Amino acid sequence: MLVLGIETSCDETAAGVVLDGRRVLSSVIHTQFDLHGPYGGVVPELASRRHVEAALPVIQTALSQAGIELKDLAGLAVSQGPGLVGALLVGLNLAKGVSFASGLPLAGVNHLEAHAAAGFLELETGDFPVAALVVSGGHTNFYWIKSPLSFELLGRTRDDAAGEAFDKVAKLMGLGYPGGRVIDELAGRGNPDRFELPRPMIGQGLDCSFSGLKTAVLQLVRARWGLEPAPETDLADLAASFQAAVVDVLAAKIDRLLVRRRVGAFILAGGVAANRGLRARVQALTKKRGVRLVLPPVTLCTDNGAMIAAL
């Protein structure tokens, strides 16, 4: 069964074709970094307009790369939220139009659950139940997944998501947008013990909070450098210290979850799952606990159409 997935929930226009919910035949992603970079974050109205321009070419490319035509599909899937309302409407209305014109059935799927479903591509039915952390720019959610269509939310951020904290801290440090990648790169050259930063809610259940950590970085930047640019060595150390704080919190939550619940595998998904520091820590943690770790390829960690089609 061939399914075309369409994703326009934020600032990536994406489409992908998946065979039998398991094999990715194509995954095409059009990013908008050039559009939003000057503003230091995503501008919803601009994102929606770019989706209108890019959606059809992206879908056509996804079908072409999969070597199929629209008539070969068994159905369509589209991200129905959460996300930016205007951006979501572009994908939803396009998918509805294609469904109406072609007679193909259409399924709307949860964007966050689809991130976890990127990990399903490597799982067998006997692996369930599994646990997952979906960590991105807008969400930090812990799930208990009894079956591919049975998700239970166990914990989430109470304020800023981890990815949002990465981007806002990068902006405070004058590193531009998107900041998560820049901080990850800088952190690899810095000393994570140089600056003492808080680990909010590290010992409290599976909920998270990153707004206080972001504020601590703001106060540190103002106290040390004011309006002057910080030396590159200091920036690397601050990036490493900030990243270590986020990773420490997430790793503690994951460990608590794995101790409390017996799982066949643990899935790390979402845009922040591409962070090298987090990936390395979770690999070591799951190995210690004897739990199989499922890490989707980096190209399937960010928003993509293949994960929508898979779910």
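Below 13 angstrom from the Cβ of Y143, what's the summed charge of the other residues (Lys, Arg +1; Asp, Glu -1)?
Numbers: positive: K146, R156, K253, R261; negative: E113, E152.
Neighbourhood net charge equals +2.
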Nearest-10 value in Å² for the accessible area of D237, using the 1.4 Å probe: 20
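If I take all pairs of Cα atoms in the chain, what percentage of them are more than 27 Å from each other? Don't skip to the answer; put the middle values down first.
Numbers: 20960 of 48205 pairs.
Looking at the chain, the distances longer than 27 Å represent 43 percent of pairs.
So what is the 222 nm mean residue ellipticity for the chain from helices alone, if each DSSP H run of at least 4 adds -39500 (n - 2.57) and you divide by all residues, rounding to the nearest 500 deg cm²/dmol?
Details: 10 runs with 138 residues, N = 311.
Mean residue ellipticity at 222 nm (helix-derived): -14500 deg cm²/dmol.
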Mean accessible surface per residue for segment 216-299, computed with a 1.4 Å probe while every protein chain stays in place, in Å²: 47
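Which net charge results for the neighbourhood of L213, defined as the other residues with beta-carbon distances under 15 angstrom from its beta-carbon, given Lys and Arg at +1 and Asp and Glu at -1? Mind dumping the intermediate values first?
Numbers: positive: R158, K168, K171, R199, K214, K253; negative: D159, D160, E164, D167, E196, D207, D248.
Counting the neighbours of L213, the net charge comes to -1.
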The chain - share of DSSP beta bridges that are antiparallel (%, nearest 5): 65
Net charge, L63 excluded, C-beta distance under 13 Å - Lys, Arg +1, Asp, Glu -1: -1
Cut-off under 5 Å, modelled amide H: who pairs with L25 long-range: V17, V18, L19
List E122, E12, ordered by accessible area with a 1.4 Å probe, largest first: E122, E12
Among G179, G190, G163, residue whose mean-square fluctuation peaks in a GNM of the chain (springs only between Cα atoms under 10 Å): G190
Cβ-Cβ FRET estimate between E69 and S99, R0 fixed at 25 Å, reported to 0.05: 0.95
Helix 232-260 vs. the chain, principal-axis angle (Cα, 0 to 90°, nearest 10): 60
Peptides ranked, highest mean first, by Cβ atoms within 10 Å: ranges 292-305, 64-77: 292-305, 64-77
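Could you please state how large a percent of the accessible area of segment 85-183 is carbon and sulfur, counting protein chains only and using a 1.4 Å probe? The partial results should precede the final answer.
Numbers: 2240 of 4090 Å².
So the carbon and sulfur contribution to the accessible surface is 55 percent.
The values are calculated or read from the model by the stated rules, or taken from the named source; none is laboratory data. Predicted, not measured: the structure shown is a model, and the values here were computed from it. Don't worry about glycine lacking a Cβ; one is built from the backbone with ideal geometry, like all the others, and counts go over all protein chains shown. The area values use the complete protein model at the heavy-atom level, side chains included, leaving out ligands, DNA and RNA. Shrake-Rupley method; radii C 1.70, N 1.55, O 1.52, S 1.80 Å.
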